[in-house]
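Worksheet: the structure to be examined is printed underneath.
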Amino acid sequence: MTIDWTALGQVTAVSIGVTFAVVVVFAFGVLGLARYEGAREQGGTSAAGVAQAGLCFLACVAVVAYGIYLIVPQFH
């Protein structure tokens, strides 16, 4: 039995890349919430901040749900 190191390397690279991307998108969502809270403290609102946070968190949920779909064989 031989191990295909190329395939293992590719899976590792994709896993690290997707993890980094999800963390960055989540950070943008937190930034959107911070913008909203900052505007609210000054007596205003920030619809852009709420929209940014909502879209970013929705994207994170979609990526995690897709990953679970790929891992759990009963969903196929």
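Miscellaneous remarks
- Pairs of C-alpha atoms in the chain farther apart than 20 Å represent 52 percent of all such pairs.
- Counting only protein heavy atoms and a 1.4 Å probe, the chain has 78 square angstrom of accessible area per residue.
- Each residue of the range 29-37 was assigned a 3J(HN,Hα) from its phi angle through the Karplus curve 6.51 cos²θ - 1.76 cosθ + 1.60 (θ = phi - 60°); the sequence is x, 5, 4, x, 5, 5, 4, 5, 5 Hz, with glycine and proline shown as x.
- Accessible carbon and sulfur surface of the chain relative to its total accessible area, %, 1.4 Å: 74 percent
The values are calculated or read from the model by the stated rules, or taken from the named source; none is laboratory data. Treat the numbers as computed from the prediction; the structure is a model and nothing was measured. SASA here: full protein model, heavy atoms, side chains in, ligands and nucleic acids out. Shrake-Rupley method; radii C 1.70, N 1.55, O 1.52, S 1.80 Å.
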